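Novice: I am attaching a structure below and will ask some questions about it afterwards.
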Amino acid sequence: MLKGIDNRLNADVLYALRAMGHGDLLVICDTNFPADSIARHTALGELLHMENLTAAQAIEAILSVLPLDTFVEDFAARMEVVGKPDEIPPVQMEVQNALDRADGREARMVGVERFEFYDKAAQAYAVIQTGERRFYGCFMFRKGVIPPED
């Protein structure tokens, strides 16, 4: 255990979050996502796990340490429901609420079509698979910067 670090963040996840640079993409996915095969194509090259957590719980922990890129519109994205791109299922609303609390601004996640999501995920820095079993519990976040102290 470390002081000031959410205990839901394991060593492998902390390593990846720290190693990411400005603009790098992080994928947080549910248990149905083709996580292992896609993670092999990422910069990290291996799948990370936060297995005993829902998507919202994992993202809440991640956003406690990960700054988001405020310079781009797609700093947060969700996988669109097939055939209903504007539908926001409960799992995505929970994550939106966690995002709003962490970021302090109400910025909606952009929707990404399922196969486009897979393609973008393969170009990410890392993939973290959660224990989320609900469909469409797949998200992307773009790392931002921490400004210098005054």
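Taken together, the values in this text are just the output of simple stated rules run on the coordinates, not laboratory data. Since this is a predicted model, take the numbers as computed values, not measurements. In this analysis, Cβ positions are derived from the backbone assuming ideal geometry, glycine residues included, and neighbour counts consider all displayed protein chains.
Novice: Between N32 and V82, what is the label-point separation in nm under the 7 Å Cα-to-beta-carbon projection?
Specialist: 0.8 nm
Novice: Let me ask something else. What's the magnitude of the charge dipole for segment 48-150 around its Cα centre, counting Lys and Arg as +1 and Asp and Glu as -1 at the beta-carbon? Answer in Debye, nearest 20.
Specialist: 280 debye
Novice: Which residues' amide hydrogens lie under 5 Å from the amide hydrogen of V81, considering only partners 5 or more residues apart or on another chain, with H built in the peptide plane?
Specialist: Hits under the 5 Å cutoff: E87.
Novice: Also: Find, among the chymotrypsin sites (Phe, Trp or Tyr not before Pro) in segment 6-91, those assigned to loop by DSSP (not H, G, I, E, B) with at most 15 other beta-carbon atoms within 10 angstrom.
Specialist: On the way: sites: Y15, F71, F75; in loops: F71, F75.
Qualifying residues, ordered by number: F71.
Novice: Would you mind computing Rg(Cα) / (2.2 N^0.38 Å) for segment 11-142, counting N as its residues? Present the calculation step by step, with values, prior to reporting the outcome.
Specialist: Values: Rg = 13.1 Å, N = 132, 2.2 N^0.38 = 14.1 Å.
With N residues counted in segment 11-142, Rg over 2.2 N^0.38 Å equals 0.93.
Novice: Normalised by the residues of the chain, what does the relative contact order come to in percent, with Cα pairs under 8 Å and at least six apart?
Specialist: Values: 282 pairs, mean separation 68.5, N = 150.
46 percent.
Novice: List the aspartates and glutamates whose alpha-carbon lies under 17 Å from that of K84, not counting same-chain residues fewer than 8 positions away?
Specialist: E113, E116
Novice: Determine which residues of segment 108-133 fall in the zone a paramagnetic label at A19 would reach in this model, i.e. backbone nitrogen under 17 Å from the point 7 Å along Cα→Cβ.
Specialist: Residues 122-129 fall inside that zone.
Novice: Grab the Cα-Cα distance for D150 and E73, subtract it from 0.36 nm times how many residues apart they are, and report the gain in nm with one decimal. Kindly include the intermediate steps, with their values, before the conclusion.
Specialist: Numbers: separation 77, 0.36 × 77 = 27.72 nm, distance 2.68 nm.
Here the answer is 25.0 nm.
Novice: Let me ask something else about it. Let me check I've understood the local charge: for K120, count other residues with C-beta under 15 angstrom from its C-beta, Lys and Arg +1, Asp and Glu -1. What total comes out? Spell out each step's value before the answer.
Specialist: On the way: positive: R78, R114, R142, K143; negative: D24, D69, E73, D74, E80, E113, E116, D119.
For residues surrounding K120, the net value is -4.
Novice: Efficiency by 1/(1 + (r/R0)^6): what FRET value for H41 and L2, r their Cβ-Cβ distance, R0 = 35 Å, to the nearest 0.05?
Specialist: E between H41 and L2, to the nearest 0.05, is 0.65.
Novice: If you don't mind, another one. Just how far, in whole angstrom, is segment 92-119 from segment 1-40 if you go by their alpha carbon centroids?
Specialist: 16 Å
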